[in-house]
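Engineer: Encoded as structure tokens, here's the structure I'll be asking about.
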Amino acid sequence: MLISASALGWACATSSPSGKVPVNSGTLRLIVRAYKVVSKPKYVIVSFRSVDSCGLAVKASPFAPGDQVVISLTITNTGTLSATSLKECAIVINSYDKAFTLTVGTLPTRLPAGASVTVTETIAFKSGLKNAAEHAIMQGIVTFTGSVCT
């Protein structure tokens with residue numbers, strides 16, 4: 001599974017100002033750091049590698065029906081602006097059709113510049129599958145985004 005973090009910023013406005021308006025400039029950059037396995041079955045191997053400066057690739061296998069892997073990762077805002085409306089988007093690529101789920105723990109509503117938050121990701125392989133599902137491999141992409149509202 002690939003895990004990467006990227007930032008998407010936009011301004012929030014509800015009306016058209018008139019006269020001189022101060023303009024705030026800065027950056028929003030979310031980076032995934034400090035990742036580790038929290039829990040997993042003994043036989044499941046989890047590997048990590050960096051992707052660009054803001055991402056993380058994860059591959060986990062073999063899975064048996066009902067298995068879960070929990071990882072923790074820290075998201076840091078290395079920019080100069082606070083992030084709001086943090087969201088996670090997951091794309092799962094696996095060797096067994098749509099049998100995996102990927103869920104993220106609670107994300108904060110705001111991440112100030114220079115601040116970090118640690119969240120958990122749970123990779124679950126559905127239970128009740130036939131024996132042919134054993135040894136499944138899970139890979140995917142997780143992206144964290146936020147907006148900038150001034």
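The values are calculated or read from the model by the stated rules, or taken from the named source; none is laboratory data. Everything numeric here is computed off the predicted structure, so don't read it as measured data. Glycine gets a Cβ as well: all are built from the backbone with ideal geometry, and neighbour counts include every protein chain shown.
Engineer: Look at segment 98-113 and say how many of its residues are touching a residue at least 40 places away in the same chain (Cβ under 8 Å) and either not small (Gly, Ala, Ser) or not in a loop (DSSP other than H, G, I, E, B) (or both).
Structural biologist: So the answer is 3.
Engineer: Within segment 75-116, track down each residue that is loosely packed, with under 15 Cβ neighbours inside 10 Å, modelled with pLDDT of 85 or more and under 23 Å from Ala60 (Cα atoms).
Structural biologist: Hit for segment 75-116 is Thr106, nothing else.
Engineer: Without any contact (Cβ under 8 Å) to a residue 60 or more places away in the chain and surrounded by 14 or more Cβ atoms within 10 Å (Cβ to Cβ): does that describe Pro65?
Structural biologist: no
Engineer: Next question, about the same structure. If Val46 meets every condition in (1) under 15 Å from the mean Cα position of the chain (by Cα); (2) modelled with pLDDT of 85 or more apart from one, which number is that one?
Structural biologist: (1)
Engineer: Here's a follow-up. Taking only pairs six or more apart or across chains, which ones have beta-carbon atoms under 7 Å, a first residue in segment 129-142 that is part of a helix (DSSP H, G or I), and a second residue that is surrounded by 14 or more Cβ atoms within 10 Å (Cβ to Cβ)?
Structural biologist: Filtered contacts from segment 129-142: Ala133/Pro65; Ala133/Tyr96; Ala133/Ala99.
Engineer: Regarding segment 114-124, can at least one residue be identified that is within 26 Å of Gly79 (Cα to Cα) and in a loop (DSSP other than H, G, I, E, B)?
Structural biologist: Within segment 114-124 (the criterion being within 26 Å of Gly79 (Cα to Cα) and in a loop (DSSP other than H, G, I, E, B)), the answer is yes, since at least one residue qualifies.
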